[in-house]
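Asker: Mind having a look at this structure? Questions to follow.
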Amino acid sequence: MKKKKIIITYGTYDMLHIGHMNLLERASALGDYLIVGVTDENYDRSRGKLNVSQSTKTRVKAIEALDFVDKVIVETHKKQKAEDMVKYKVDIFAIGDDWVGSFDYLNEFTHVEYLARTKGISSTKLRKENFKPVKLGLVGLGEDTQEFINESDFLSNIIINRIYSKNLNAVKEFTKYNDTVKYGHDNYDEFLDTSINAVYIDSSVSEHYIQIKKALKAGKHVLCETPLALEKNELKELLGLAKKEKKILLMAIKTAFLPAFNQLQQELKNGLIGEIKEVRANRTTLYREKKYSESYISQGATNLLSSYPSLLVNKILGKSKSISFFDQQENGYDISNTIITTHKNNARGISSVATGIKLEDSAIISGTKGYVYIPSPWWLTKEFYFRFEDSQKSYSFKYEFNGTGLRYMIAEFGSLIQRESIKSKMLTPSEMVRINRVSLDYSDSKKIKKEK
Ligand code: CTP
């Protein structure tokens with residue numbers, strides 16, 4: 001029997017349009033069996049495609065429904081194309097002519113054919129026509145404000161032109177010289193009264209609750225640094241309010257939105273390392289050496305940093321049954337804290353946070369059959385290593401990582417607003433509650449000690 005002529009092509013196929021259909025039909029006409037590789041959302045984000053509007057699952061389903069497509073696969077990493085050519089014994093790799101030259105290296109494995117692209121249509125164009133840009137106002141002027149603005153500049157769907165801070169002189173000085181942010185406010189109500197539809201709050205921890213509450217009540221979506229609140233009832237109230245107002249309330253933990261961090265969670269689902277029994281993660285920053293203000297540092301290591309390891313512990317082990325703290329205090333606040341949590345099946349989380357001592361900021365997820373090592377700083381996840389007793393089986397995974405990592409978080413916030421979705425699957429409200437609980441429980445444990 002004659003071998004079927006296998007054709008393969010790849011793409012994102014966001015908001016499936018006539019250009020995609022034409023390309024796939026032409027590709028299919030080149031042979032007998034058409035395989036379409038749909039790019040995974042984490043892979044897309046790692047290669048700088050930050051505002052794809054549909055999930056991998058939705059895009060796969062749309063392609064599967066096409067008559068002339070025989071098989072759909074998901075593309076997760078750069079080297080996969082070459083691997084697929086061998087795996088599927090591909091005869092022709094076909095792709096639109098906007099890529100001319102880019103895939104010539106695959107001629108080593110198969111025949112590469114560039115097909116004419118349909119003029120006048122693209123997913124980018126459709127996204128622009130279908131979604132309004134997000135107007136975002138900044139709350140608080142601090143060490144990282146400019147970095148946030150710089151990272152937002154990479155996102156075409158976010159416009160930042162306003163800032164609020166109590167310090168009028170600082171705001172005036174900032175807006176005078178800033179290329180992007182032109183309007184400054186020292187009155188929060190007036191700031192909220194403008195045409196912005198979302199805010200990013202990076203003020204002192206004690207101000208978060210009231211600023212979030214006012215913003216939600218004014219109909220704005222909120223992205224806020226952690227913790228969101230310092231009292232249990234306040235956190236509950238804020239989440240309830242966000243739900244009632246149908247607005248997004250998202251914790252600004254950039255790690256949660258990094259492509260490699262999300263890919264790690266997907267890889268763990270295959271159970272390769274067995275039953276997970278322990279998660280260890282540290283997050284330490286010597287803020288004094290980075291010239292952060294004393295008032296910033298005095299918010300305490302747990303308030304400033306614990307959300308990062310708590311994110312990992314919660315993602316992997318879920319809800320905790322108990323929590324213990326082993327802190328070191330100076331001048332009335334914690335400069336370091338080791339947080340131990342217990343979880344179902346006797347699993348444990350061990351994390352250390354510190355602003356006054358420096359630790360190795362790596363993370364290790366340990367299972368009954370192997371472990372995953374994420375090198376320092378694990379919270380800027382770029383790569384991870386799966387390791388086993390039999391070292392032959394070990395492998396690693398690496399994604400590109402652009403800028404400071406903030407852009408992935410801002411992109412998700414913007415895209416949730418544009419898609420009118422109020423929950424991020426990368427950081428859900430119940431995960432946020434569990435992460436915030438660490439700060440709340442720590443401050444409760446201090447209050448109890450004082451009372452005694
Ligand atoms: N394609 C095409 N004609 C178009 C748009 C896309 O032939 N008008 C082809 C691309 O060349 C590629 C495939 O469709 O082979 C998938 O492209 P993809 O990047 O998913 O679509 P775009 O519309 O180009 O997406 P974006 O605007 O996000 O880059």
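Asker: Can you tell me how many residues within the range 418-452 are in a helix (DSSP H, G or I) and under 15 Å from the mean Cα position of the chain (by Cα)?
Answerer: Qualifying residue count, the range 418-452: 3.
Asker: Output the residues belonging to the range 65-79 that are within 13 Å of the ligand (Cβ to nearest atom) and of a type outside the set (A, V, I, L, M).
Answerer: Hit for the range 65-79 is GLU75, nothing else.
Asker: Sticking with this one: So how many residues does the range 407-425 have that are surrounded by fewer than 21 Cβ atoms within 10 Å (Cβ to Cβ) and either under 15 Å from PHE261 (Cα atoms) or of a type in the set (S, T, N, Q) (or both)?
Answerer: Residues that pass the stated criteria total 4.
Asker: Another question, then. Please note which helices (runs of 4 or more DSSP H) are completely contained in the range 254-341 and include at least 2 residues that are more than 23 Å from ARG45 (Cβ to Cβ).
Answerer: The qualifying helices (runs of 4 or more DSSP H) are 294-297, 301-305, 307-317.
Asker: Among the residues of the range 68-98, how many are in contact with a helix residue (DSSP H, G or I) (Cβ under 9 Å, 6 or more places away or on another chain) and either of a type in the set (Val, Ile, Thr) or in a loop (DSSP other than H, G, I, E, B) (or both)?
Answerer: 12
Asker: With the condition kept exactly as written, say whether any residue in the range 13-35 is closer than 30 Å to LEU406 by Cβ and not in a loop (DSSP other than H, G, I, E, B).
Answerer: no
Asker: Return the residues of the range 2-14 that are surrounded by fewer than 23 Cβ atoms within 10 Å (Cβ to Cβ) and more than 8 Å from the ligand (Cβ to nearest atom); say none if nothing qualifies.
Answerer: Passing the criteria: LYS2, LYS3, LYS4, LYS5, ILE6.
Asker: Please specify each residue of the range 27-64 satisfying the condition of being over 24 Å from GLY414 (Cβ atoms), in contact (Cβ under 8 Å) with a residue 60 or more places away in the chain and either crowded, with 19+ Cβ neighbours inside 10 Å or near the ligand (Cβ under 8 Å from one of its atoms) (or both).
Answerer: Listed by number, the list holds a single entry, ALA27.
Asker: What's the total number of residues in the range 114-145 that are more than 11 Å from the ligand (Cβ to nearest atom), surrounded by fewer than 17 Cβ atoms within 10 Å (Cβ to Cβ) and not in a loop (DSSP other than H, G, I, E, B)?
Answerer: Counting residues in the range 114-145 that are more than 11 Å from the ligand (Cβ to nearest atom), surrounded by fewer than 17 Cβ atoms within 10 Å (Cβ to Cβ) and not in a loop (DSSP other than H, G, I, E, B) gives 2.
FYI, it's all coordinate maths here, none of it is from the lab. None of these values were measured; they are calculated from a predicted model. Every residue, glycine as well, gets a Cβ built from its backbone with ideal geometry; the counts of neighbours run over all protein chains shown.
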